[in-house]
1. With the Cα gyration tensor of the stretch 234-283 giving a ≥ b ≥ c as the square roots of its eigenvalues, does the rule (a/c under 1.5 for rounded; else a/b larger than b/c for prolate; else oblate) give rounded, prolate or oblate?
2. So what are the three principal axis dimensions of the stretch 128-175 from its Cα atoms, in whole Å, longest to shortest?
3. Per residue, how large is the accessible surface of the chain? Use a 1.4 angstrom probe and give square angstrom.
4. What's the longest bit of the chain with no exposed GluC sites (Glu not before Pro), using DSSP loop states and at most 14 other Cβ atoms within 10 Å as the test?
5. Stokes-Einstein at 37 °C, 0.692 mPa s, Kirkwood radius from Cα pairs: D for the chain in µm² s⁻¹?
6. Going by a ≥ b ≥ c, the root eigenvalues of the Cα gyration tensor, does the stretch 195-297 fall in the rounded group (a/c under 1.5), the prolate group (a/b larger than b/c) or the oblate group?
7. Mind jotting down the distance between the C-alpha centroids of the stretch 240-286 and the stretch 97-124, whole Å?
8. Let me have the 222 nm mean residue ellipticity of the chain computed from DSSP H runs of 4+ only, each contributing -39500 (n - 2.57), with the sum over all residues rounded to the nearest 500.
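The values are calculated or read from the model by the stated rules, or taken from the named source; none is laboratory data. Keep in mind the model is a prediction, meaning the values are calculated, not measured. Because the Cβ atoms are built from the backbone with ideal geometry, glycine has one as well, and the counts that use them run over all protein chains shown. These accessible areas exclude ligands, DNA and RNA; they are computed on the full protein's heavy atoms, side chains included. Shrake-Rupley method; radii C 1.70, N 1.55, O 1.52, S 1.80 Å.
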Amino acid sequence: TAVAISEATFKDDSVETVVIATGLAFPDALAASGLAGVHGSPLLLVGSSVTSALTDEIDRLGATSVVVVGGESAVSADVYDALDTDYDVKRVFGADRYETAAEVAREIAALGGSDTGAYFVRGDNFADALSVSPFAYSLKRPVLLVRTDGVPAATEDVIDELAMTQGWIAGGLSAVDADTAADLETLLGYAPVRWDGLNRYETAAAVAEAHVALALADFGYIGIATGLNFADALGGGAAAGMNGGVLLLTQTDALPAATSEILDANVLIIDEVHVFGGDAAVTQDVYDEIDSILSQP
């Protein structure tokens, strides 16, 4: 699916460096969105081995370099070595998910991306981070991970090192509690902005609407992925970011009201809606409901 999203979004011979993360776990790929944006790259996924589908896509893109996000527990040495046979490969990683996200933030800053602020999301769940991934991509802004009840030392260190002064939290108090937000305010010198809703679907809608209101994205391009798993939305977030659009989430077998309402309210200005993933991720009934909304006179 990540390859299919890349094929639909990026032209032949248009990318010099491809960003790759494991598709078997979410933390490293979530942090990789901003780095993919810096490189103008899709976010491609790899499992326990390098497939011909992956290398064919890298070659179609014209890439000669690969950045692997995550340590060997995420992307094995065998996978790294297999890629290193044909490409110039670099690994960006830390000892855990929090350190890896911090290292990615440093890499983004070193390559000319944003170093003044970051998105902050809980590191033990994926839903809220998916919603910020298009904007991390388009704004070349890092995604840093926190615990629900505290800011890890690795995150503190990179905020201080890069002298960050801005922060945006995706998720409610059950995701990032008030004490953690207060700690971030102390570290940044300013209170972070929080976007949230009653559930992951409302949070994704709130994040999208906030960025559109700030003219940082528009509803011309909307990506939709299941909010119950992470893999399809990882590549989808990069595609939405590349197109200056937003990423909304859905249940597998029912279109949430928060997502439906954005589609309905913006039907006249929507140019494209891309549903990421097959029937097992987003059922045909949900696809048909989306199509029905877009077909309104």
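1. Oblate, because a/c is 1.5 or more while a/b does not exceed b/c.
2. Result, largest extent first: 26, 26, 15 Å.
3. Working: 11900 Å² over 297 residues.
That works out to 40 Å² for each residue.
4. Working: sites that count: GLU16, GLU72.
Free of exposed loop sites, the longest segment is 73-297.
5. On the way: Rh = 18.9 Å.
Translational D for this selection: 174 µm²/s.
6. Values: a/c = 1.34, a/b = 1.15, b/c = 1.17.
Rounded, because the longest to shortest axis ratio a/c is under 1.5.
7. Here the two parts' Cα centres lie 27 Å apart.
8. Working: 13 runs with 130 residues, N = 297.
After summing the helix terms and dividing by residue count, I get -13000 deg cm²/dmol.
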